[in-house]
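Quick notes on the structure that follows.
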């Protein structure tokens with residue numbers, strides 16, 4: 001069914017960089033063209049923040065900095081002339097990871113607080129597992145917030161306001177496979193999100209040997225709108241997941257612990 005959310009996603013995907021003028025407004029402009037703009041700026045060394053396809057203040061500041069460095073009129077608006085200059089210089093910059101990826105890696109090397117803030121979110125059906133994961137992480141001396149709401153935006157707002165170090169989302173379904181999603185768009189991959197997803201797949205493979213498991217880069221709203229490494233664990237078949245709830249919860253908690261340890265050495 002093409003509901004409101006599906007239609008909004010289709011509209012966002014229809015824009016290509018240069019199709020329209022991009023500028024800071026409320027509500028923020030969203031689209032594939034904004035993702036391309038953020039990726040180009042990041043590779044040129046101008047920090048547009050999280051590459052999320054949302055034109056916010058960080059993207060506007062990055063455009064102003066680019067315009068100043070390129071000798072253009074500084075207004076924070078990606079007009080035709082600014083887009084042309086970005087593409088021209090971008091063609092000479094190569095295809096490196098960009099400042100957004102480097103910043104994520106740099107955050108790993110930052111001084112540790114001695115504990116981690118984690119948000120566990122569940123979208124229905126797996127509240128018992130979410131509580132068990134939360135309890136296990138607290139026993140590991142992590143600070144945990146549990147969000148049990150059907151609205152994706154409430155999860156991302158809670159995680160961002162909590163200044164979480166990671167977000168782990170849980171949802172159940174009836175299919176005979178489980179997929180762990182991390183944030184990825186053309187030109188940008190959340191390296192830490194991918195590592196967390198891989199750790200979850202590794203631990204769940206031991207806990208659920210009969211379930212097909214995979215990790216995949218996606219641009220789901222919960223992964224795009226959270227400003228920290230995030231994964232969404234879409235687990236199935238539902239009956240088997242619930243029957244093995246303690247094992248599933250322990251596996252996810254172990255995966256997070258493994259991810260914490262390997263992150264310090266990346």
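The values are calculated or read from the model by the stated rules, or taken from the named source; none is laboratory data. Predicted model only: the values in this text are computed from it and were never measured. Backbone-built Cβ (ideal geometry, glycine too); neighbour counts: all protein chains shown.
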Of 29, 10, 44, 24, which residue is within 23 Å of residue 189 (Cα to Cα) and touching a residue at least 40 places away in the same chain (Cβ under 8 Å)?
-> 44
Residues that are in contact (Cβ under 8 Å) with a residue 60 or more places away in the chain and surrounded by 19 or more Cβ atoms within 10 Å (Cβ to Cβ), drawn from the range 240-259 | 241, 248, 249, 252, 253, 256, 259
Considering the range 157-205 alone, what residues qualify as being modelled with pLDDT of 95 or more, over 12 Å from residue 233 (Cβ atoms) and out of contact with any strand residue (DSSP E or B) (no Cβ under 8 Å at 6 or more places or on another chain)?
-> 195, 202
Please find, among 53, 96, the residue that is buried (at least 21 other Cβ atoms within 10 Å of the Cβ), at pLDDT below 95 and not assigned by TED's automatic domain parsing to the domain that holds residue 225.
-> 53
Residue among 210, 236, 187, 174 that alone is in contact (Cβ under 8 Å) with a residue 60 or more places away in the chain, over 16 Å from residue 137 (Cβ atoms), surrounded by fewer than 17 Cβ atoms within 10 Å (Cβ to Cβ) and assigned by TED's automatic domain parsing to the domain that holds residue 157 = 174
